[in-house]
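Each remark here refers to the structure printed beneath this line.
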Amino acid sequence: MITKRIIPCLDVKDGRVVKGIQFVGLRDAGDPVELAKYYDEEGADELVFLDISASHEGRKTMVDVVEQVAGQLAIPFTVGGGINTLEDMKKILRAGADKVSLNTAAVVNPDVITEGANFFGSQCIVVAIDAKFDETIGSWRVYTHGGRTATDWEVVAWAKEAVRRGAGEILLTSMDSDGEKNGFNNALNKAVSEAVSVPVIASGGAGNAEHFFAAFEEGKADAALAASIFHYKETSVKQVKDYLKSQGVNVR
Amino acid sequence: MIAIIDYGMGNLYSVSKALERMNVEYTISNDIDVLNEASGYILPGVGSFKDAMSILNETGLAQFVKDIAESEKPLLGICLGMQLLFEQSEENGLAKGLSLLPGNVVKIPEDAGEEKLKVPHMGWNDLTIKNESPLLENLETNFAYFVHSYYVKSEEAEVILATAPYGVDVPAVVGRGNVFGTQFHPEKSSGLGLSILQNFIKMVEGEKR
């Protein structure tokens, strides 16, 4: 049976992993390859690298990072951040990434989803959605540009549209839950997961192992992503998986 | 030496790096003279079946791959490269494959199991070995990482070496004679994937002697 996936997310800026990585025992806590290997050994099912470089040079460096990680790691990984065109996707996928994640670009130019899916197959194309509850529409609204720009899209409608256009997976981040460590937004996760035919990765709000269990049971998510609780060693991938196993969840 | 057949549609980088880590001599080429020097072959592939077949046919590599199958040299198709070994695919309209193995490539049904399944089949799934093969000897774990929307449907049970359950029994490892394929990327499937690559390399080296 297919297992539920646990996915650590690493922010990369100009080729270095940034934002609160507290690891001892690593030669260099900012080295993407070392961190990727660390999470691999801990049992991470796949990884997400989010490129937060602001400059063109930083983006070019990301291709080198992808090559280094792919050259040394035997688990799959997704790269997101600043991918706008089919050319961008080609560079990242040819360097050894397994999937690319589109966020703002997908909303601004939805054709890019289809172009990517036609060229590489849907299984390579992840659409990332930043969702925030909006009382005026009584549902969640899609935000772009790192959560700074509200769009006209309601989240479930956009998720369905993204899948119709060829997205093979949805990476769903709750902006309301993100950073709060009070658990994933499972109403949101469930609404999207039940509305689309592709896997959904829950993101935003992980604080402990029980939260992952709830994301799968209540949120109907296929995978769950977290950053800080793993980086700060508040829990580990292994602890989360041990707990999930004890609750009867199928994990690797 | 192992040759990775480069027809422009593969994720060549990670598989070549995996071979490097195993200290295996390899070449990446689309030149039939260069490819002829090798004692075993990897046919990679990511993307659409139809596009891949048109390129293979236009470049003459389709015939070359068929010739490999006629020889004794081992051939391993990975992901789309495995699907190409079969007779036809319904991805983006029907297209003929290399017909080295019996079976057709069809979309994974969303409603084959008790509950509705997500397609693509994405993530780690466990393998059940259906037929013994040197490719499947001494595997460390059962889990491989799948990421695909189409699967091989074959009536001939003996070519299905291992399956993974996803509503239907998804052929995960296939093979007959010197022609093999894995639906998953072995270079992305941790210990199990690397063991399969090692086994393939052993076969290639055995062939050389």
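The values are calculated or read from the model by the stated rules, or taken from the named source; none is laboratory data. Only a predicted model underlies this, so the values are computations on that prediction, with no experimental measurement involved. Every residue, glycine among them, receives a Cβ derived from its backbone with ideal geometry; neighbour counts consider all protein chains shown. Just the protein is used for accessible areas: all its heavy atoms, side chains included, with ligands, DNA and RNA removed. Shrake-Rupley method; radii C 1.70, N 1.55, O 1.52, S 1.80 Å.
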Assigned charges on the beta-carbon of Lys, Arg, Asp, Glu; the stretch A:5-246 dipole about Cα centre (debye): 200
Sites A:H56 and A:N109 - FRET efficiency at Förster radius 22 Å, r taken between beta-carbons, to 0.05: 0.70
Total formal charge among the other residues, if their Cβ is under 9 angstrom from that of A:R141, Lys/Arg +1 and Asp/Glu -1: -2
DSSP bridge orientation in the protein assembly as shown - percent antiparallel, rounded to nearest 5: 45
Reachable lysines from A:K238, criterion Cα separation under 28 angstrom, eight or more residues apart if same chain: A:K4, A:K13, A:K19, A:K37, A:K99, A:K181, A:K190, A:K220, B:K17, B:K118, B:K188
Bridge type composition, chain B - antiparallel percent by DSSP, nearest 5: 60
Positive-end extreme of charge dipole, the stretch A:57-159 - chosen from A:P110, A:V100, A:A128 (charges on Cβ): A:V100
The stretch A:77-103 and the stretch B:1-52: distance between their alpha carbon centers, rounded to Å: 22
Partner chain coverage, peptide B:182-194 - average Cβ within 10 angstrom: 3
Solvent-accessible area per residue for the protein assembly as shown (1.4 angstrom probe, square angstrom): 39
Rounded FRET efficiency, nearest 0.05, which uses the C-beta distance separating B:K202 from B:E115 and R0 of 35 Å: 0.30
Cα-based reach from B:K66 at 16 Å (exclusive), listing lysines while leaving out same-chain residues under 8 positions away: B:K96
The stretch A:5-246, accessible surface, carbon-and-sulfur percent (1.4 angstrom probe): 47
Loop-resident sites, the stretch A:13-99, for trypsin sites (Lys or Arg not before Pro), counting at most 10 other Cβ within 10 Å (DSSP): A:R27
Highest-MSF residue in chain B out of B:P102, B:P134, B:P74 [GNM, Cα springs under 10 Å]: B:P134
Size of the A/B contact, given as accessible area buried on both chains, probe 1.4 Å, in Å²: 2700
Structure-based [θ]222 nm, the protein assembly as shown - -39500 (n - 2.57) summed over DSSP H runs of at least 4, per residue, nearest 500: -9500 deg cm²/dmol
Rule-of-thumb Rg ratio for the protein assembly as shown [Cα; 2.2 N^0.38 Å; N residues]: 0.94
Radius 11 Å from Cβ of A:V198, net charge of other residues (Lys, Arg +1; Asp, Glu -1): 0
At most 15 other Cβ within 10 Å, DSSP loop - GluC sites (Glu not before Pro), the stretch A:57-140: A:E135
GluC sites (Glu not before Pro) lying in DSSP loop within the stretch B:55-99, provided at most 12 other Cβ fall within 10 Å: B:E72
If the convex hull is drawn through the Cα atoms of the stretch B:2-208, its volume per residue in Å³: 106
Distance between modelled label sites at B:K153 and A:R148, nm, 7 Å Cα→Cβ extension: 5.0
Positive dipole terminus of the protein assembly as shown, leading residue within B:I129, B:P44, A:G82 (C-beta point charges): A:G82
Size of charge dipole - the stretch B:90-209 - debye, nearest 20, with Cβ of Lys, Arg +1 and Asp, Glu -1, no other charges: 380
Order of exposure, largest accessible area first, which applies to B:K73, A:K241 with probe 1.4 Å: B:K73, A:K241
Average beta carbon contacts from partner chains per residue of B:114-123, 10 Å cutoff: 6
Dimensionless Rg ratio for the stretch A:5-246, taking C-alpha atoms and the 2.2 N^0.38 Å reference: 0.94
Alpha-carbon gyration tensor eigenvalues x 5, square-rooted, for the stretch B:1-83, Å: 19, 16, 11
The stretch A:5-246 - share of DSSP beta bridges that are antiparallel (%, nearest 5): 25
